[in-house]
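Quick note: the coordinates plus some simple rules give every number you see, no bench work behind them. Just so it is clear, the structure is predicted and the values come from calculations on it, not from any experiment. Every residue, glycine among them, receives a Cβ derived from its backbone with ideal geometry; neighbour counts consider all protein chains shown.
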Amino acid sequence: MAFHSLNKIDIEEFMALAATFPVADVRSPSEFRAGHIPGAFNIPLFDDEERVIVGTKYKKEGRANAILKGMELTGPAMHAKLRAALKIAKENRILVHCWRGGMRSEAMAWLFSLGDINTEVLEGGYKSYRHHVLSGLAEKKKVIVLGGMTGSSKTHILNHIKNLHHQVIDLEGLANHKGSAFGALGQLPQPSSEHFSNLLHHQWKKTDKMNPVWLEDESRNIGTVFMQNIFFEHIRLSPTIVLSMSVEKRLPRLVGEYSTYPKDQLRESVLRISKRLGGDNARDAIAAIETGDFAKAIEITLKYYDKTYMYSISKNHSGQLIYLETDTDDVETNAGKVLEASRQITF
């Protein structure tokens, strides 16, 4: 059996290797859920309860007693942790990190070495990775923002533009939310704001600086997810194409999308914005939902969202604004118009 010396590497080398080799995040499950390196596997040294016990022991009685308690708690499960590592290892190699690159990652690296797995430990741990993410999101790149009122099919247009080999990042897709009071319908649970920034950075770092990155216009918060201030400011200062489409053109697509959801979910969504809609409008929208008149309910809510969006454009965007009228809801046609309008942009 071969024993491998501990090899600590910095974040740049770690992330370069992570493109090829699996990452074992050995923090507790709750730490992992709060945010992790995209694609990482959670093989925790301690579960959440054990982490609290060992941490308390460390503060009160010191390192040695904490280690002894940790060994007592985890000893019976060590075989399962090694088995999990052997299952994911590639070419007998794994990258390992904990919170600061200390005892937990060192202990697990030692355990994995017993299975003849070569390990590299991230110097500074997940804390170092988070600094790497925030620094990366602060990097300035060419950005074109696609704006427009609710129901303008902005996401569909950007998907079409992506299929034409332009760089596109789907912020709402990363956030599992479509941005409005109805945005959570049909979506997976949202990530934490911390993990959203990890996911965003994972895509942002892959984009080419020489060519623009297309983003959809968003508020700083997408549902419960909040963008980092520095990235949101980048969006705010970037050139924005504002697609203008009549309510009549937007309604059919919105009705087709939202009428499929249970009425109680639609009603709850209206109630979330009832104060902003106004009592009479909220009651009318709910009554329309109950009778199946989804077009009327959506039209009522659109008046609020349209007014709010136009105010947001004037308040939140300091970059070049290009207003683009369209008389169709055809995605391919509007994608062509948007790309044509983007030729006016200078960086």
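For Cα pairs less than 8 Å apart in space and 6+ apart in sequence, what is the mean separation divided by the residue count of segment 140-344, i.e. the relative contact order in percent?
31
Using 0.36 nm times the number of residues separating E61 and D306, minus their current alpha carbon distance, what extension gain do you get?
Gain in length upon complete extension: 82.2 nm.
Please list the non-local residues whose amide H lies under 5 Å from the amide H of V213, H modeled 1.01 Å from N, same-chain partners needing a gap of 5 or more.
K142, V143, I144
Starting from the Cα gyration tensor of segment 173-247, take the square roots of the eigenvalues, sort them a ≥ b ≥ c, and report rounded, prolate or oblate (rounded when a/c is under 1.5, otherwise prolate if a/b is larger than b/c, else oblate).
oblate
How would you rank W99, W110, going from fewest to most other Cβ atoms within 10 Å of each one's own Cβ?
W110, W99
From Cα pairs below 8 angstrom and at least 6 apart in sequence, can you work out the relative contact order of segment 8-133, rounded to a whole percent?
Values: 186 pairs, mean separation 40.4, N = 126.
Relative contact order for segment 8-133 comes out at 32 percent.
For Kirkwood radius over Cα pairs in Å, several values are listed as (1) 21.1; (2) 20.6; (3) 23.0; flag the one computed from this structure.
The value matching this structure is (3).
Tell me what the chain gives for mean residue ellipticity at 222 nm when only DSSP H runs of n ≥ 4 count, each as -39,500 (n - 2.57), the sum divided by the residue total, rounded to 500 deg cm²/dmol.
Mean residue ellipticity, 222 nm, calculated: -16000 deg cm²/dmol.
Using the Cα gyration tensor of segment 284-347, with a ≥ b ≥ c the square roots of its eigenvalues, what is the shape: rounded (a/c below 1.5), prolate (a/b larger than b/c) or oblate (neither)?
Judged from the Cα gyration tensor, segment 284-347 comes out oblate (a/c at least 1.5, b/c at or above a/b).
Using a Förster distance of 22 Å, how high is the FRET efficiency between L86 and K206, based on the Cβ-Cβ distance and rounded to 0.05? Could the numbers behind the result be given before it?
On the way: r = 30 Å, r/R0 = 1.37.
Taking R0 as 22 Å, the efficiency between L86 and K206 is 0.15.
Given a Förster distance of 35 Å, report the FRET efficiency between K275 and Y323 from their Cβ-Cβ distance, rounded to the nearest 0.05.
That gives a FRET efficiency of 0.70.
Hey, with R₀ at 22 Å, roughly what FRET efficiency would K140 and R220 work out to, going by the Cβ-Cβ distance, to 0.05?
On the way: r = 18 Å, r/R0 = 0.83.
The formula returns an efficiency of 0.75 here.
Sequence gap at least 6, Cα distance under 8 Å: using those rules, report the relative contact order of the chain to the nearest whole percent.
RCO, the chain: 18 percent.
Within segment 1-101, report the GluC sites (Glu not before Pro) that DSSP leaves as loop and that have at most 14 other Cβ atoms within 10 Å.
Those that pass, being in a loop and sparsely packed, are E91.
I need the shape label for segment 140-344. Rule: rounded when a/c is under 1.5, else prolate if a/b > b/c, else oblate, with a, b, c from the alpha carbon gyration tensor.
prolate
Take the alpha-carbon centre of segment 56-116, take the same for segment 208-236, and report the distance between them in whole Å.
For segment 56-116 versus segment 208-236, the Cα centre distance is 38 Å.
Sort M210, M108, M227 so the one with the fewest other Cβ atoms within 10 Å of its own Cβ comes first.
In order of increasing Cβ crowding within 10 Å: M210, M227, M108.
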